[in-house]
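The values are calculated or read from the model by the stated rules, or taken from the named source; none is laboratory data. Quick caveat, the model's predicted, so the values are computed rather than measured. Cβ sites come from the backbone with ideal geometry, for glycine too, and all protein chains shown count toward neighbours. In case anyone asks, the SASA skips ligands and DNA or RNA and just uses the protein heavy atoms, side chains included. Shrake-Rupley method; radii C 1.70, N 1.55, O 1.52, S 1.80 Å.
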Amino acid sequence: MTIFTFLGCKTNQFLRNNINTKDYVFIEAEKTVSDLQKWQLVKKGDQNYIERASGDAYLEFMGNKPITGKPNSPLIYQFTAPTTGDFQLMLMSSKRLEGVKSDWCNDAFVRLSGNFESGSKLSKKALQKNIKILQDGNDETSELQWHWASTAEKDRHVYNKFIYKLIKGEKYTITLSGRSKRFSVDYILLYNTAKFNNQKAKELFKIQ
């Protein structure tokens, strides 16, 4: 495990938008000490690189099948809550279809551990286990571009949000596991829902 700090270029951009660093947690997906296994590091200049990735790098999952799969190649990220409050999780993500259906290659699994409670309709017990997180808009999102993924689908076609009640100073661990092949994650974000509504957060924190 490793504890992540805010990265300078992204934090500076958020500060220019008058966003207090206590109101969000920002983690570059590639900044993990976990064995990448079926995740591949993609850098600027590589084949299939998607332009405007934060830090000019991201992770693409190359296990399972494009349509589905069991949790695979877990990546561990540890962070400290900057303040007490409800924080919603979002991933900056992309899909590379290579001719398959538009609602494939667009999801992963997420779970959280630590001293928290649920801030959504999902139970704490559910949030402690792997839940599918898929791109908002599903098949309507275009491939090879960056889009937010924040939709939780624990049961088929029953959609919720990943909102956690965090405690200032407590340490938490996010586990991100692969689900569908050719799904990419650029960065992980948790934002304070008392400070931003979802639409505003998506605008402010998508800085490319």
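Structure summary
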read-out: First in segment 50-70 and in contact (Cβ under 8 Å) with a residue 60 or more places away in the chain and surrounded by fewer than 17 Cβ atoms within 10 Å (Cβ to Cβ), second anywhere and in a loop (DSSP other than H, G, I, E, B) and aromatic (Phe, Trp, Tyr), Cβ under 6 Å, 6 or more apart; value: Ile67/Trp104
read-out: All strands (runs of 3 or more DSSP E) inside segment 137-208 with 3 or more residues being open to solvent by 10 Å² or more (accessible area, probe 1.4 Å); value: 147-155, 158-161
read-out: Flag for Lys10 being among the charged types (D, E, K, R) and either under 20 Å from Ile133 (Cα atoms) or modelled with pLDDT of 95 or more (or both); value: no
read-out: Checklist (1) modelled with pLDDT of 95 or more; (2) open to solvent by 40 Å² or more (accessible area, probe 1.4 Å); (3) over 16 Å from the mean Cα position of the chain (by Cα) applied to Arg16, failing item; value: (1)
read-out: Of residues in segment 105-117 being part of a strand (DSSP E or B) and of a type outside the set (D, E, K, R), the one surrounded by the fewest Cβ atoms within 10 Å (Cβ to Cβ); value: Ser113
read-out: Set Ser94, Ser102: member being at pLDDT 95 or above, in contact with a helix residue (DSSP H, G or I) (Cβ under 8 Å, 6 or more places away or on another chain) and surrounded by 14 or more Cβ atoms within 10 Å (Cβ to Cβ); value: Ser102
read-out: All positions within segment 32-73 that are among the basic types (Lys, Arg) and modelled with pLDDT under 95; value: Arg52
read-out: Tabulated pairs, segment 197-208, first farther than 18 Å from Gly85 by Cα, second surrounded by fewer than 14 Cβ atoms within 10 Å (Cβ to Cβ) and not polar (S, T, N, Q), C-beta under 8 angstrom, 6+ apart or interchain; value: Gln208/Arg52
read-out: Residue, modelled with the highest pLDDT, within segment 141-163, restricted to residues that are farther than 18 Å from Asp186 by Cα and β-branched (Val, Ile, Thr); value: Ile163
